[in-house]
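> Take a look at the following structure, please.
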Amino acid sequence: MTGMMNRAKVYIRELAERLEGLDKLTLTLAIILFAIGIIMVYSITSISIYNGVNGDPSNIVIKTLIFGVIGLVAMIIILLIPYKWIKNLSVIAVVICPLLLLFTLMFARGSSSSDVRSWFEIGSIKIQPAEFVKIGMIMAIAWLFDKHAQKGVYYIRGYKKTHWSIQRIWQSFLGILIYVGLCSGLVLLQPDFGSSLIIGLIGLIMFLATGVQWKIFKPVFWIGVAGVLVVGLLAAKFFPYQLERFTIWADPFNHPKGFQNVMGYTAIALGGLGGVGVGKSTQKYGYVLEPHNDMISTILAEELGVFVVFLIMVVYFIMATRCFLTALRCKDRFSALVAVGVGAIFLAQPFINLGGASGAIPLTGVTLPLISYGGSSLMSMFLGIGLYLNISMEQFISTKRLKEQREQMIKTKVVPLIKE
């Protein structure tokens, strides 16, 4: 009993010390984005087109609040657990991510209007595993890069053909590339083009963050290009409507199925710089489909204005930058790559969402982080933030202890031996 009490005291003391390094700015910005999301979701879904004449206008926003609270609790748990636990859990994530995606393909049910197998329905709640896999993939990729680097087989070396083996391929960059491609491909088979693209981009950004040289990156780059082309051709054959996204994007005004794109452009144009005011959107009345979810940025632009949307994009950029700066200060490779991976989400996902809504890129089903309605997306983003906050606190405490050690060495006049 005494031993447990002592361990609890040590944990509380260490936790209080670590909390000094909490990235309060990133946490504050995340809560602000969530608050904006609550306002926009209520503005969009409070009208009778979503709830009927006598329906409860707060029904969907209450669900959003519940998911948000669950996400916040999960975030707090993640940032409070010891850092070494996260590293140990990453080993499990390596196995769980592809298995969970395979399980989704085998047992998830498509909706009545499509054969998309991305969700599990539990009563009135839909769980989308691919959203959680994004966070799991960050942990898995960071662990794989770190493990292979420690083994000294970080790069694909000039081995003779007779020396190649499955183990050697797996212990090189090519093995990690195959792993990322496998998970991204399994998501594409659901089919979920948007999430597949984000997983691929996360892997690419983390890959570049390792400081890989061009002579090493060049073959991997061309392998990736070839893989994208093959996947594109297969998607065009088995999922022709995925290819149709590009033809719609090329000329939505003259395409029979370009209605969604055009209505999104119209919402943005109606809003102008200053917006028409919260709750005064006209495009949410059945013109823009899924306005509270994937297309929320169009209603955001209509009601609050393009300038506010620009400020929101700046907020995402600041959050991504904070993650990358923390990565630069991290003392070990694993934590640095995890921070980069979380930052990659804040960099890639808003760009894809807003890019599709504005017509800069083909339209894909990707949520706007912390703002769009969607329980899985919201909870997974808070998990990712909790992961980053834990890393940032660990970086702070490591730097602090190193500084204290140096100061102690100076006080005791212990000068470290410097080899010439």
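The values are calculated or read from the model by the stated rules, or taken from the named source; none is laboratory data. Small disclaimer: the values here were computed from a predicted structure and weren't measured. Note: ideal-geometry Cβ built from the backbone for every residue, glycine included; neighbour counts use all protein chains shown.
> Among the residues of segment 316-337, how many are β-branched (Val, Ile, Thr), surrounded by fewer than 19 Cβ atoms within 10 Å (Cβ to Cβ) and in contact (Cβ under 8 Å) with a residue 40 or more places away in the chain?
1
> Do you know which residues across segment 174-199 are assigned to a helix (DSSP H, G or I) and under 14 Å from residue 366 (Cα atoms)?
187, 188, 193, 194, 195, 196, 197, 198, 199
> Going by the structure shown, is residue 343 in a helix (DSSP H, G or I) and of a type outside the set (A, V, I, L, M, F, W, C)?
yes
> Scan segment 61-93 for residues that are surrounded by 18 or more Cβ atoms within 10 Å (Cβ to Cβ) and β-branched (Val, Ile, Thr) and jot them down.
61, 64, 78, 86
> Return yes or no: is residue 377 assigned to a helix (DSSP H, G or I) and on the phi < 0 side of the Ramachandran plot?
Yes; evaluated as a whole, the condition is true for this residue.
> Can I ask one more? Collect the residues in segment 349-373 that are of a type in the set (Gly, Ala, Ser) and surrounded by 23 or more Cβ atoms within 10 Å (Cβ to Cβ), keeping them in residue-number order.
Answer for segment 349-373, where residues must be of a type in the set (Gly, Ala, Ser) and surrounded by 23 or more Cβ atoms within 10 Å (Cβ to Cβ): 356, 357, 372.
> Sticking with this one: Is there any pair linking a residue in segment 70-97 that is within 23 Å of residue 370 (Cβ to Cβ) to one that is acidic (Asp, Glu) and not in a loop (DSSP other than H, G, I, E, B), with Cβ under 9 Å and at least six apart or on different chains, and which?
Listed pairs, sorted by first residue: 86/394.
> I'm checking my understanding of the structure. Among residues of segment 286-313 that are under 17 Å from the mean Cα position of the chain (by Cα) and assigned to a helix (DSSP H, G or I), which one is surrounded by the fewest Cβ atoms within 10 Å (Cβ to Cβ)?
Among residues in segment 286-313 that are under 17 Å from the mean Cα position of the chain (by Cα) and assigned to a helix (DSSP H, G or I), the one surrounded by the fewest Cβ atoms within 10 Å (Cβ to Cβ) is 313.
> Could you tell me how many of the residues in segment 357-401 are without any contact (Cβ under 8 Å) to a residue 12 or more places away in the chain and more than 21 Å from the chain's Cα centre (by Cα)?
1
> Could you tell me whether segment 232-241 includes any residue that is basic (Lys, Arg) and either surrounded by fewer than 20 Cβ atoms within 10 Å (Cβ to Cβ) or under 18 Å from residue 363 (Cα atoms) (or both)?
Yes, segment 232-241 has at least one match.
Here is a yes/no grid of residues against (1) among the basic types (Lys, Arg); (2) without any contact (Cβ under 8 Å) to a residue 12 or more places away in the chain:
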position: 13; (1), (2): yes, yes
position: 21; (1), (2): no, no
position: 26; (1), (2): no, no
position: 30; (1), (2): no, no
position: 33; (1), (2): no, no
position: 41; (1), (2): no, no
position: 45; (1), (2): no, no
position: 51; (1), (2): no, yes
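> A follow-up question, please. List the number of the failed condition for residue 211; all other conditions in (1) closer than 21 Å to residue 338 by Cβ; (2) surrounded by 21 or more Cβ atoms within 10 Å (Cβ to Cβ); (3) at pLDDT below 85 hold.
Status for residue 211: all satisfied but (2).
> Here's a follow-up. Quick check on this structure: which one of 101, 65, 79 is touching a Leu at 6+ places or on another chain (Cβ under 6 Å), modelled with pLDDT of 85 or more, closer than 22 Å to residue 30 by Cα and outside any loop (DSSP other than H, G, I, E, B)?
After applying the criteria, what remains is 79.
> Next question. Check segment 312-327 and report whether any residue there is among the aliphatic types (A, V, I, L, M) and under 21 Å from residue 126 (Cβ atoms).
No: segment 312-327 contains no residue that is among the aliphatic types (A, V, I, L, M) and under 21 Å from residue 126 (Cβ atoms).
> Taking segment 322-348 as the search range and keeping residues that are out of contact with any Asp or Glu (no Cβ under 8 Å at 6 or more places or on another chain) and charged (D, E, K, R), which one is nearest to residue 83 (Cα to Cα)?
The extreme case among them is 331.
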